[in-house]
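Before any comments, here is the structure.
The values are calculated or read from the model by the stated rules, or taken from the named source; none is laboratory data. Here the structure is a predicted model, which means the values were calculated and not measured. A quick note on method: Cβ atoms are made from the backbone with ideal geometry, for glycine too, and the neighbour counts reach across all protein chains shown.
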Amino acid sequence: MERDQEIEITRRLLAGDPEAFDRFVEHFRGKIFNYSWLMCGQRDDAEEVAQETLMNVFENLGQLREPDRVRPWVFRIAKNACLTKRRRSVFAPSKEISLDQLMPVRHQEGDGFRLEIADWTHLPEDEAMRAELKREVQRAIRNLPELYRPVILLRDVEGLSTQETAQILDLNEDAVKTRLHRARLAVRKELDARLRREQTVEA
Amino acid sequence: MAHEHTGDCRQIFAALSEYLDMTLPVESCADLEEHLKDCPPCIEFLNSLRQTVSLCKDCDPIEKPEPLPEPSRDRLRDAYQKAIAARASG
């Protein structure tokens, strides 16, 4: 569902339309489940987070003044529900990754240099391979340090703006940008390793 | 000697997401494009990052929740109806 459809459903929900209730629940339950599954890594927890978030959403529906803000508003509630569920490394500080760790290896070649990266100009086109790549993306997101995971989920997977993401996560916008960049670079690196393995086999 | 400016590459590397999101200040953007003109490795890397972002954006959930049990749906509907009633009376 596109964001404008989601806003329209929310308008109808606020007007008391019972059909909008079912569509709203169906739509956001899937989204919250996906977010919290990638955040917490546990199916049971993700189901619970989805239910608790929706319960909170309906109990506090009076606070949602602008239907346009529904997605960031719901995700703010989901983020808090997720925090209470996380099991792993609660007290362990989440490590920053340095940019150097994410830069590709370079080899001197004549006057210039060559990067040790996969051939990204010919990504697999058939459906099974695309699906496999998407699974790799999700795996890579789940493996990110906790610091980066919510940022890439909200910005790229959910398509929220830098400002909205900053508000949800209580960060400033510069921190969102920095973490998003590192998250993308880390995901890129994992996909790159995967593509290179495949391209070596094919070659 | 086009590719010896490794310091520049590093600077460019830090700004690539903002460049892709079109949030880079105009001046930095011009500098970056100037660099890209004669740095094929940076172009190649930028392309791989662009594809990564597009895969993330296009990443439909692989795992889906179990169907919502009726008692859970009923609890949500109760909360919803109370909220609507409160809106109508408030």
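Under the condition of being part of a helix (DSSP H, G or I) and more than 26 Å from the chain's Cα centre (by Cα), which residue from region B:1-23 is modelled with the lowest pLDDT? In this case the residue turns out to be B:T6.
Would you check if there is a residue in region A:38-59 being touching an Asp or Glu at 6+ places or on another chain (Cβ under 6 Å), not in a helix (DSSP H, G or I) and not assigned by TED's automatic domain parsing to the domain that holds A:T162? No; the residues of region A:38-59 include none that is touching an Asp or Glu at 6+ places or on another chain (Cβ under 6 Å), not in a helix (DSSP H, G or I) and not assigned by TED's automatic domain parsing to the domain that holds A:T162.
Anything in region A:154-165 that is assigned to a helix (DSSP H, G or I) and facing chain B (nearest Cβ under 9 Å)? List them, or say none. Give the derivation first.
Of region A:154-165, the ones assigned to a helix (DSSP H, G or I) are A:154-157, A:162-165.
Matches in region A:154-165: A:R155, A:D156, A:V157, A:T162.
None of B:A79, B:A86 is at the interface with chain A (Cβ under 7 Å from one of its Cβ atoms), modelled with pLDDT of 95 or more and over 19 Å from the mean Cα position of the chain (by Cα) except B:A79.
Out of A:R71, A:R88, one residue alone is at pLDDT below 80, more than 15 Å from A:A193 (Cα to Cα) and in contact with a Gly (Cβ under 9 Å, 6 or more places away or on another chain). It is A:R88. Candidates are the residues of region A:98-144 that are away from every other protein chain (no Cβ under 13 Å) and under 27 Å from A:S36 (Cα atoms); the one that is modelled with the lowest pLDDT is A:A128. The set of residues from region A:50-60 being crowded, with 19+ Cβ neighbours inside 10 Å and either over 21 Å from the mean Cα position of the chain (by Cα) or more than 10 Å from chain B (Cβ to nearest Cβ) (or both) comprises A:E52, A:T53, A:F58. Number of residues in region A:23-37 that are buried (at least 23 other Cβ atoms within 10 Å of the Cβ) and either among the acidic types (D, E) or more than 8 Å from chain B (Cβ to nearest Cβ) (or both) equals 5. Please work out if A:K134 is closer than 20 Å to A:K79 by Cα and either outside any strand (DSSP E or B) or of a type in the set (S, T, N, Q) (or both). In short, no.
Across region B:37-67, the qualifying residues are those that are among the aliphatic types (A, V, I, L, M) and crowded, with 18+ Cβ neighbours inside 10 Å, and the one among them that is farthest from the other protein chains (Cβ to nearest Cβ) is B:L46. Considered as a group, the residues in region A:166-192 that are free of Cβ contacts under 8 Å to residues at least 60 places away in the same chain and away from chain B (no Cβ under 12 Å) include one that is farthest from A:I117 (Cα to Cα), and that residue is A:D170. Among the candidates A:L13, A:L83, the residue that is in a helix (DSSP H, G or I), under 24 Å from A:E164 (Cα atoms) and at pLDDT below 90 is uniquely A:L83.
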